[in-house]
Amino acid sequence: MKRMVAVLVVLAGVFVVSAVAFGALPKKGGTYVGDIKASPFTMHINIGVNPAGTKLAHFTYLCGTGRAPTSVFGIPIDRTGHFKYTKMTGSVVVWKMAGRFLSATRAFVSLNSVACGGSKGSTTITLKA
């Protein structure tokens with residue numbers, strides 16, 4: 001009996017670790033929006049997921065006001081719901097971002113942008129209704 005309980009406890013632990021490791025996947029075709037409150041500029045984030053749910057159709061951030069938005073397309077989403085991108089000019093990192101889907105309706109994004117006055121920060125963005 002003790003052995004059976006021990007096996008069940010181990011299996012339950014494996015399932016919990018697996019669920020955490022695999023994370024969440026986005027809503028296919030969804031658009032997520034939010035703001036990173038950073039200094040000197042707030043950065044507005046807008047990401048779209050492709051219909052298959054395997055790539056960010058677009059990742060766009062707007063740095064303050066009066067500047068053109070920065071967009072990239074086709075960033076892969078791994079099977080655990082994570083994504084990342086680094087924009088470089090030569091060997092200099094201009095900006096980089098990383099994120100993960102917390103659920104089908106929320107994603108966590110971290111952004112560091114030298115091009116936006118050194119603004120950096122993170123936020124949870126939500127599915128646009």
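The values are calculated or read from the model by the stated rules, or taken from the named source; none is laboratory data. Quick caveat: nothing in here was measured; it's all calculated off a predicted structure. Here Cβ is always computed from backbone atoms with ideal geometry, including for glycine, and neighbour counts include all displayed protein chains.
Determine whether the stretch 96-111 contains at least one residue that is exposed (fewer than 15 other Cβ atoms within 10 Å of the Cβ), farther than 22 Å from ALA129 by Cβ, in contact with a strand residue (DSSP E or B) (Cβ under 9 Å, 6 or more places away or on another chain) and not aromatic (Phe, Trp, Tyr).
No.
Kindly evaluate GLY53 against the criterion of being closer than 27 Å to ALA129 by Cα and modelled with pLDDT of 95 or more.
Numbers: closer than 27 Å to ALA129 by Cα: yes; modelled with pLDDT of 95 or more: yes.
In short, yes.
Given the condition of a type in the set (D, E, K, R), closer than 19 Å to ASN112 by Cα, modelled with pLDDT under 95 and surrounded by fewer than 17 Cβ atoms within 10 Å (Cβ to Cβ), answer yes or no: does some residue in the stretch 2-10 qualify?
Within the stretch 2-10 (the criterion being of a type in the set (D, E, K, R), closer than 19 Å to ASN112 by Cα, modelled with pLDDT under 95 and surrounded by fewer than 17 Cβ atoms within 10 Å (Cβ to Cβ)), the answer is no, since none of the residues qualifies.
Rundown of residues vs (1) closer than 21 Å to ALA38 by Cβ; (2) in contact with a Leu (Cβ under 7 Å, 6 or more places away or on another chain); (3) modelled with pLDDT under 95, yes/no style:
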{"site": "HIS58", "(1), (2), (3)": "yes, no, no"}
{"site": "THR65", "(1), (2), (3)": "yes, no, yes"}
{"site": "ILE77", "(1), (2), (3)": "no, yes, no"}
{"site": "THR80", "(1), (2), (3)": "no, no, no"}
{"site": "PHE83", "(1), (2), (3)": "yes, yes, no"}
{"site": "ARG100", "(1), (2), (3)": "yes, no, no"}
{"site": "PHE108", "(1), (2), (3)": "yes, yes, no"}
{"site": "THR126", "(1), (2), (3)": "yes, no, no"}
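Can you tell me how many residues within the stretch 55-92 are assigned to a strand (DSSP E or B) and either out of contact with any strand residue (DSSP E or B) (no Cβ under 6 Å at 6 or more places or on another chain) or not aliphatic (A, V, I, L, M) (or both)? Quick ask: steps written out before the conclusion?
Going through the stretch 55-92, the residues assigned to a strand (DSSP E or B) turn out to be 55-63, 70-72, 75-76, 82-89, 92.
From what is left, the residues that are either out of contact with any strand residue (DSSP E or B) (no Cβ under 6 Å at 6 or more places or on another chain) or not aliphatic (A, V, I, L, M) (or both) are 55, 58-61, 63, 70-71, 76, 82-89, 92.
Qualifying residue count, the stretch 55-92: 18.
Inside the stretch 34-69, can you point out the residues that are over 19 Å from ARG100 (Cβ atoms) and of a type in the set (Gly, Ala, Ser)?
Let us first name the residues in the stretch 34-69 that are over 19 Å from ARG100 (Cβ atoms), namely 37-42, 44, 51, 62-69.
Listed by number, the residues that qualify are ALA38, SER39, GLY64, GLY66, ALA68.
Pull up the stretch 118-129, narrow it to residues that are surrounded by 15 or more Cβ atoms within 10 Å (Cβ to Cβ) and of a type outside the set (Ser, Thr, Tyr), then point me to the one that is farthest from the chain's Cα centre (by Cα).
Here the residue is LYS120.
Test GLY23 against the criterion of being modelled with pLDDT under 90, at positive phi and not basic (Lys, Arg), and give yes or no. Break it down stepwise before answering.
Details: modelled with pLDDT under 90: yes; at positive phi: yes; not basic (Lys, Arg): yes.
When the stated conditions are applied, GLY23 passes them.
In the stretch 93-129, what residues are of a type in the set (A, V, I, L, M, F, W, C), more than 20 Å from ARG79 (Cβ to Cβ) and not in a strand (DSSP E or B)?
Answer for the stretch 93-129, where residues must be of a type in the set (A, V, I, L, M, F, W, C), more than 20 Å from ARG79 (Cβ to Cβ) and not in a strand (DSSP E or B): VAL114, ALA115, CYS116, ALA129.
For the stretch 39-50, check the following and say yes or no: at least one residue is more than 19 Å from LEU127 (Cα to Cα), surrounded by 14 or more Cβ atoms within 10 Å (Cβ to Cβ) and among the hydrophobic types (A, V, I, L, M, F, W, C). I'd like the intermediate steps shown before the answer.
So in the stretch 39-50, the residues more than 19 Å from LEU127 (Cα to Cα) come out as 39-42.
Now restrict to residues that are surrounded by 14 or more Cβ atoms within 10 Å (Cβ to Cβ): 41-42.
Checking the rest, the ones that are also among the hydrophobic types (A, V, I, L, M, F, W, C) come to 41.
Yes: the stretch 39-50 contains one or more residues that are more than 19 Å from LEU127 (Cα to Cα), surrounded by 14 or more Cβ atoms within 10 Å (Cβ to Cβ) and among the hydrophobic types (A, V, I, L, M, F, W, C).
With respect to VAL72, is the statement that it is surrounded by fewer than 16 Cβ atoms within 10 Å (Cβ to Cβ) and either modelled with pLDDT of 95 or more or among the acidic types (Asp, Glu) (or both) true? Reasoning before the result, please.
Working: surrounded by fewer than 16 Cβ atoms within 10 Å (Cβ to Cβ): yes; either modelled with pLDDT of 95 or more or among the acidic types (Asp, Glu) (or both): yes.
Answer is yes for this residue.
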